[in-house]
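Quick notes on the structure that follows.
The values are calculated or read from the model by the stated rules, or taken from the named source; none is laboratory data. This is a predicted model, so every value here is computed, not measured. Here the Cβ positions follow ideal geometry from the backbone for every residue, glycine too, while neighbour counts run over all protein chains shown.
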């Protein structure tokens, strides 16, 4: 069974798709319609929900976007359908401390695959859990911001939010 919710945050509309295993997809868009679209076609098989889990997720996400709490790493995840390499990349990304950044090479090295930085970048580009998996904290080896599904302006805003609240 799949459930979804979409709600407003200070940086746009946040959407989540949940399964019985946890958060399956998330999105952040400038409009409610955009956030729904970014969740993907699986939303067609989902029901809107206001369950206790959805309310808890809303509270955690709201705290994140207002800078009063950073517990996104406590949310249960549904990573079914992902390759083991993708899951490993995303879990290493999830371990990057709030307000800090790491490079694609750092993630690859953490996975003991230092030549896989480009592959890590591909996984980050296809991350179906933006913000929940904080790939906005992943930057180029040069230290420059590089690629983000919501654009570099949003990436910069997320990093600024985290750094100013830390």
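Give 105, 161, 145 a once-over and let me know the one that is touching a helix residue (DSSP H, G or I) at 6+ places or on another chain (Cβ under 9 Å), closer than 28 Å to residue 9 by Cα and assigned to a helix (DSSP H, G or I). None of the other options fit; the residue is 161.
Sort out which residues of region 50-83 are farther than 16 Å from residue 97 by Cα, in a loop (DSSP other than H, G, I, E, B), at pLDDT 90 or above and out of contact with any strand residue (DSSP E or B) (no Cβ under 6 Å at 6 or more places or on another chain), and write them in order of number. Those that are farther than 16 Å from residue 97 by Cα, in a loop (DSSP other than H, G, I, E, B), at pLDDT 90 or above and out of contact with any strand residue (DSSP E or B) (no Cβ under 6 Å at 6 or more places or on another chain): 66, 79, 80, 81, 82, 83. Looking across region 124-137, the residues that are over 20 Å from residue 76 (Cβ atoms), in contact (Cβ under 8 Å) with a residue 24 or more places away in the chain and buried (at least 17 other Cβ atoms within 10 Å of the Cβ) come down to 124, 137. If you check residue 47 against the conditions, is it part of a strand (DSSP E or B), outside the structural domain of residue 92 (by TED's automatic domain parsing), within 21 Å of residue 150 (Cβ to Cβ) and at pLDDT 90 or above? For residue 47, the condition - part of a strand (DSSP E or B), outside the structural domain of residue 92 (by TED's automatic domain parsing), within 21 Å of residue 150 (Cβ to Cβ) and at pLDDT 90 or above - is not met. So which residues in region 1-44 are part of a helix (DSSP H, G or I) and in contact with a helix residue (DSSP H, G or I) (Cβ under 9 Å, 6 or more places away or on another chain)? Result: 36, 37, 43.
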